[in-house]
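Asker: My questions all concern the structure below.
The values are calculated or read from the model by the stated rules, or taken from the named source; none is laboratory data. What you see is a predicted model; the values in this text were computed from it and never measured. Neighbour counts are summed over all protein chains in view; Cβ atoms, including those assigned to glycine, are modelled from backbone coordinates with ideal geometry.
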Amino acid sequence: MNVIAMKVTEAKSHPNADALRVYTMEAPNHNRVQIVANLENIYQEGDIVAVALGGSVLKDGTKIKLSKLRGIASYGMALGVVEAELGNNLSEIYCQKELVNTKGSLPFQKWTSIELLHNVRRNLSILGDAVTITYRAKIKLHGTNAGVQVTTNGKVAAQKRTQIITSESDNAGFAAWVENNVEYFSALKTSENITIFGEWCGSNVQKGVAISQLEKKIFAVFAIQLGDDITTAKKLEVRPENIAEMLPKHEDIFVLPFYGEPVTLNFGNKEELQVAAETINNMVETVETLDPWVKSTFGIEGVGEGLVMYPDTDKVVARANYTDYMFKAKGIKHQVVKSKKSVSIDPEKTSNVAQFVKLFVTEARLEQGVTEACDGQYKMPRIGDLLKWFALDVRKESIAELEAAGLTWKEVNKPLMNDVKEWYKAKVITF
């Protein structure tokens, strides 16, 4: 990705177009380059010109590629006469900073897998930890999990839930958007590497909810990770006001606020825990009826997906300890486990394999799998990707339900996969 100060060694008219000229550009340690340009700027032999070579991405997002103009090849773009030493690299002035790709030096930073409340309760019971925790809710937007890594020296990488991505292997256009805004993210240099986690949502990302009616895509940020366990230990900033201070204003970036009043859960008292769960169920029902954040922010009315509950804190927290206590609460229409309520303190009980399969093979989970594993594609060659994702996702979430039903993973695995196959095959035919 280079813009080089090069000398015009030959200038002539284009043989097939009066409005174009053909230039030969040269510089030490660089191959001679042929450039075709219009008459907006006319260069003379001996001029020193900024030449963007193929592969460069200019700050306005323009990607420089080999092209043919009226039959003559052009290997770059002339950006104007400059006062620079011949051969100087001018990329810092004209180009976007490079987005790190999957072969780059940055390790993937995974967002946590958020449990349901009954799983959090089960894990605490195993540890014998009867804690009391006050929670704050953030509205869960129906989009696709996304992240942006920024290093202390300004390197930038885009992520989906499972890996680093680029515009060549994108996820609903998120990497392309990060590439176009790499200067913004590169400027967020801090004393340690950070990862900005959020939901990429809006037009053509998901469907059926308020945020999907938005005419553009947005990055709704819910947490910032500081550190990467390589240079420094991972910590999380989840307080909306502090996140907002770390991110300069941007028309496509929004910081999700806390929603509603704090809710205290006493994990050592089942009756009190049940009362708190009902309070959260009522909050979820309200959000599913009408997403209040989307309404107040964009003036759009429609259903919401649910809530994510964050332990209340007055400081940056150690990620390893903090995320174990988080839990999600989806509305009935968006549940990946077909339970009777959004929040339950006990797992749903099933009496046979068929009921277990029905519990976990939900439309919401299937559509999530297609988005995450198949890049939103309904094509038979991608069915293996969906099956692998689905098996891993259900297996890690269904431990409590398997125990309650007296079933093993071996007993339910094949019936689960059969249902997923039939659903995906029907979708392929439809699409």
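Asker: If I filter the range 381-390 for residues that are modelled with pLDDT under 85 and not charged (D, E, K, R), do I get at least one hit?
Answerer: Step one: filter the range 381-390 for residues modelled with pLDDT under 85, giving none.
No: the range 381-390 contains no residue that is modelled with pLDDT under 85 and not charged (D, E, K, R).
Asker: Pick out, from the range 379-431, the helices (runs of 4 or more DSSP H) lying fully within it that include 3 or more residues that are among the aromatic types (Phe, Trp, Tyr).
Answerer: 409-430
Asker: Let me ask you something else. State which residue is surrounded by the fewest Cβ atoms within 10 Å (Cβ to Cβ) when the search covers only the range 181-225 and only residues that are β-branched (Val, Ile, Thr) and closer than 25 Å to Arg239 by Cβ.
Answerer: This residue is Thr190.
Asker: Quick one: which of Lys358, Lys330 is of a type in the set (Lys, Arg) and more than 24 Å from the chain's Cα centre (by Cα)?
Answerer: Within the list Lys358, Lys330, the selection yields Lys358.
Asker: Would you point out the residue of the range 52-67, among those that are within 20 Å of Val8 (Cα to Cα) and in a strand (DSSP E or B), that is farthest from the chain's Cα centre (by Cα)?
Answerer: Once the filter is applied, the top-ranked residue is Ser67.
Asker: Need a quick list: strands (runs of 3 or more DSSP E) entirely within the range 205-304 having at least 3 residues that are within 22 Å of the chain's Cα centre (by Cα).
Answerer: Ranges flagged: 217-226, 235-237, 253-255.
Asker: Would it be correct to say that Tyr322 is assigned to a strand (DSSP E or B), in the same structural domain as His142 (by TED's automatic domain parsing) and either in contact with a Lys or Arg (Cβ under 6 Å, 6 or more places away or on another chain) or at pLDDT 90 or above (or both)?
Answerer: no
Asker: Provide a single number: the residues in the range 71-85 that are loosely packed, with under 13 Cβ neighbours inside 10 Å and assigned to a loop (DSSP other than H, G, I, E, B).
Answerer: As a first pass, look at the range 71-85 and keep what is loosely packed, with under 13 Cβ neighbours inside 10 Å: 71, 73, 80, 83, 85.
Narrowing further to those that are assigned to a loop (DSSP other than H, G, I, E, B): 71, 83, 85.
The total comes to 3.
Asker: What are the pairs, 6+ residues apart or on separate chains, where a residue within the range 281-303 that is closer than 13 Å to Lys140 by Cα has its Cβ under 8 Å from a residue that is among the charged types (D, E, K, R) and in a helix (DSSP H, G or I)?
Answerer: Hits for this filter: Glu288/Lys333; Val303/Glu288; Val303/Lys333.
Asker: Among the residues that make up the range 21-29, is at least one of them buried (at least 17 other Cβ atoms within 10 Å of the Cβ) and under 38 Å from the mean Cα position of the chain (by Cα)?
Answerer: no
Asker: Right, something else. For the range 125-156, which positions are of a type in the set (A, V, I, L, M, F, W, C) and in contact with a helix residue (DSSP H, G or I) (Cβ under 8 Å, 6 or more places away or on another chain)?
Answerer: Ala130, Val131, Ile133, Ala137, Ile139, Leu141, Ala146, Val148, Val150, Val156
Asker: Considering each of Met246, Met283 in turn, give the residue that is more than 30 Å from Tyr184 (Cα to Cα) and surrounded by 14 or more Cβ atoms within 10 Å (Cβ to Cβ). Let's see the steps before the verdict.
Answerer: Working: Met246 fails: more than 30 Å from Tyr184 (Cα to Cα).
Matching residue, one of Met246, Met283: Met283.
Asker: Whether any residue in the range 234-241 is in contact (Cβ under 8 Å) with a residue 12 or more places away in the chain and loosely packed, with under 13 Cβ neighbours inside 10 Å is what I want to check.
Answerer: No, every residue in the range 234-241 fails to be in contact (Cβ under 8 Å) with a residue 12 or more places away in the chain and loosely packed, with under 13 Cβ neighbours inside 10 Å.
Asker: In the range 30-44, what count of residues is obtained for those that are more than 43 Å from the chain's Cα centre (by Cα) and exposed (fewer than 13 other Cβ atoms within 10 Å of the Cβ)?
Answerer: Looking only at that region, the number is 2.
Asker: Can I ask one more? For the condition of a type in the set (S, T, N, Q), in contact (Cβ under 8 Å) with a residue 40 or more places away in the chain and buried (at least 19 other Cβ atoms within 10 Å of the Cβ), what is the one hit in Ser342, Ser351?
Answerer: Result of the check over Ser342, Ser351: Ser342.
Asker: Moving on to the next point. Could you run through the range 263-297 and say how many residues are more than 21 Å from Ser344 (Cβ to Cβ) and touching a strand residue (DSSP E or B) at 6+ places or on another chain (Cβ under 9 Å)?
Answerer: Number of matching residues: 5.
Asker: Hey, any hits in the range 375-395 for a residue that's polar (S, T, N, Q) and without any contact (Cβ under 8 Å) to a residue 12 or more places away in the chain?
Answerer: There is at least one residue in the range 375-395 that is polar (S, T, N, Q) and without any contact (Cβ under 8 Å) to a residue 12 or more places away in the chain.
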